[in-house]
Amino acid sequence: MPAVATERLIQPARNIQGSLRLPGDKSISHRYALLGGLAKGTTRLANFSTGADCASSLACVAALGAQIARKDEAVEITGAAGRFTAPDQPLDCGNSGSTMRMLSGLLTAQSGDFTLVGDASLSRRPMERIRKPLTQMGARIELTDGHAPITIHGAPLTAIDYTTPTPSAQVKTAVLFAGLQAQGTTKVREAVRTRDHGELALRAFGASVTRSLDSVSIAGGQHLHAIEATVPGDISSAAFFLCAAALFPGSNLIFDALGLNPTRATLLDVLTALGAHIGVLNLEDKHGELVGVVQVNAPPQGLTGTTISGALSAQLIDELPVLAAIGPYTQHGIRIRDAKELRVKESDRIALVAANLRAMGAEVEEFDDGLDVPGGQTLHGAEIDSGGDHRIAMAFSVAALRATGDTLIRGAESAAISFPEFFDLLDRVTER
Ligand code: S3P
């Protein structure tokens, strides 16, 4: 995260209008960076994520022997052709849980010793969830009280059949990345189908991956080959704008080349259920990822309300903060359950959403695994504590658009973790 803490003043808006082409999806960019780092040949990625998190993935593979160059706004990664070089220095994953967990999967079968470190927030996040399956495969991994720093002593791996106890695409991907280098065929089963970018990226880089409704399998000993790709626009970044536009009758917002992978696009269904008009056209397949144009218009009578629970909560995990933040402006409110994972993200997102909604004058009830945000409320401007969490800073910038009075977002620099352009683009589409 940028070292200098900054604040942003958000004034109420009258309307949201315009068209946006967003930087590349964070989840896909991480996977392409890590696999491109290991593959043979030069991978060329256009529209790579501009967030600091994906820069951490690039810096890590560079420290492991891949070469990174920027050419005509694309990122070029000349991979280590299957063999990383153990660096003398720790690998700095910054704020990025995705980098730390997925890179651990890639490193376990490599020769040498590797240490992975992160910032204060990342050093509090649970890492046992990757140590457990990777250790079952034969990996030698040491954690520090369940957290980073992580030390990995490369070792030969054997395939496993693993069921993820909590839905997590990062854990699934870490096991598949290890499975790529293990002896035998590794299978990961999940009760809720999480985002499948890991599987799709492995296929894009030439690995054969077999899928059933609730499992993914990969045979070890496969080699990866460089790709050329344009990363689809990030739908989790679009979420802030989609929710903002859904709040203003008369709004009209269009997204070009947006990632619409079905395991990521649940927000569009939720907004439709809330009454927003969502149009999708020009769908295309890029390396297995769906990309298309999306148009959103708010309903004249305002958004209704909904409950998000079960599998939906896992699929919407990154969008829940902004959905909760607009809850007071819906007619019947937003109820969230089965989302305990929110407590172990970059911050405790349940606690911070509740505290910041209250700061804006909202009534909200906090549960261990979710929130009840009643509808029909009027919020006032307030000072928002983002807790250094990018999604909290952006979610409350959206809530601020419909509040009375100005809102000050503290820790606004954290938006750059996933979406450095956020405030500029918000200004561009906001009418005051
Ligand atoms: C991600 C998976 C999710 C998500 C994170 C990105 C990924 O985390 O919250 O922002 O790219 O696989 P978990 O796997 O911990 O649920």
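When GLY82 is tested against the conditions (1) on the phi < 0 side of the Ramachandran plot; (2) in contact with a Leu (Cβ under 8 Å, 6 or more places away or on another chain), the lone failure is (1). With respect to ALA399, is the statement that it is over 16 Å from ALA5 (Cα atoms) and out of contact with any Lys or Arg (no Cβ under 9 Å at 6 or more places or on another chain) true? Judged against the criteria, ALA399 is a match.
Note on region 118-143: residues that are assigned to a strand (DSSP E or B) and surrounded by 18 or more Cβ atoms within 10 Å (Cβ to Cβ) total 1. Does any residue of region 241-256 turn out to be in contact with an Asp or Glu (Cβ under 9 Å, 6 or more places away or on another chain) and assigned to a strand (DSSP E or B)? No: region 241-256 contains no residue that is in contact with an Asp or Glu (Cβ under 9 Å, 6 or more places away or on another chain) and assigned to a strand (DSSP E or B). The residues of region 97-138 that are away from the ligand (no atom under 16 Å from the Cβ), in contact with a Leu (Cβ under 6 Å, 6 or more places away or on another chain) and farther than 19 Å from SER57 by Cα, listed by number, are MET137, GLY138. The residues of region 402-432 that are part of a helix (DSSP H, G or I) and either in contact with a strand residue (DSSP E or B) (Cβ under 7 Å, 6 or more places away or on another chain) or not assigned by TED's automatic domain parsing to the domain that holds GLN11 (or both), listed by number, are ALA412, PHE423, LEU425, ARG428, VAL429. When residues in region 144-172 are screened for being under 11 Å from MET100 (Cβ atoms) and either open to solvent by 20 Å² or more (accessible area, probe 1.4 Å) or assigned to a helix (DSSP H, G or I) (or both), 3 of them pass.
Restricting attention to region 325-347, the residues that are among the hydrophobic types (A, V, I, L, M, F, W, C), part of a helix (DSSP H, G or I) and within 15 Å of the ligand (Cβ to nearest atom) add up to 2. The residue of region 196-213 that is nearest to the ligand (Cβ to nearest atom), among those that are open to solvent by less than 10 Å² (accessible area, probe 1.4 Å) and under 18 Å from ALA80 (Cα atoms), is ALA201.
Considering GLY65, GLY79, GLY18, the condition of being surrounded by 15 or more Cβ atoms within 10 Å (Cβ to Cβ), among the small types (Gly, Ala, Ser) and either under 21 Å from ALA169 (Cβ atoms) or in the same structural domain as CYS243 (by TED's automatic domain parsing) (or both) is satisfied by GLY18 alone. From the set of residues in region 312-324 that are open to solvent by 10 Å² or more (accessible area, probe 1.4 Å) and more than 24 Å from ALA403 (Cβ to Cβ), which is farthest from the ligand (Cβ to nearest atom)? This residue is LEU312.
Residue-wise test of (1) closer than 20 Å to LEU180 by Cβ; (2) buried (at least 24 other Cβ atoms within 10 Å of the Cβ); (3) out of contact with any helix residue (DSSP H, G or I) (no Cβ under 8 Å at 6 or more places or on another chain).
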site: SER27; (1), (2), (3): yes, yes, no
site: TYR32; (1), (2), (3): yes, yes, no
site: GLY37; (1), (2), (3): yes, yes, no
site: GLY41; (1), (2), (3): yes, no, yes
site: PHE48; (1), (2), (3): no, yes, no
site: ALA52; (1), (2), (3): no, no, no
site: SER56; (1), (2), (3): no, yes, no
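May I ask you to verify whether LYS187 is within 24 Å of the chain's Cα centre (by Cα) and either small (Gly, Ala, Ser) or away from the ligand (no atom under 16 Å from the Cβ) (or both)? In short, yes.
Is region 2-15 home to any residue that is surrounded by 24 or more Cβ atoms within 10 Å (Cβ to Cβ) and at pLDDT 95 or above? No, region 2-15 has no match at all.
Which of the residues spanning region 330-373 are surrounded by fewer than 20 Cβ atoms within 10 Å (Cβ to Cβ) and either at pLDDT below 95 or more than 24 Å from the chain's Cα centre (by Cα) (or both)? The answer is GLN331, HIS332, ARG358, ALA359, GLY361, GLU363, GLU365.
The values are calculated or read from the model by the stated rules, or taken from the named source; none is laboratory data. Remember, predicted model here, so these are calculated numbers, not experimental data. For neighbour counting, all protein chains shown are included, and Cβ atoms are generated from backbone atoms with ideal geometry for every residue, glycine included. The accessibility values were calculated without ligands, DNA or RNA, using every heavy atom of the protein model including side chains. Shrake-Rupley method; radii C 1.70, N 1.55, O 1.52, S 1.80 Å.
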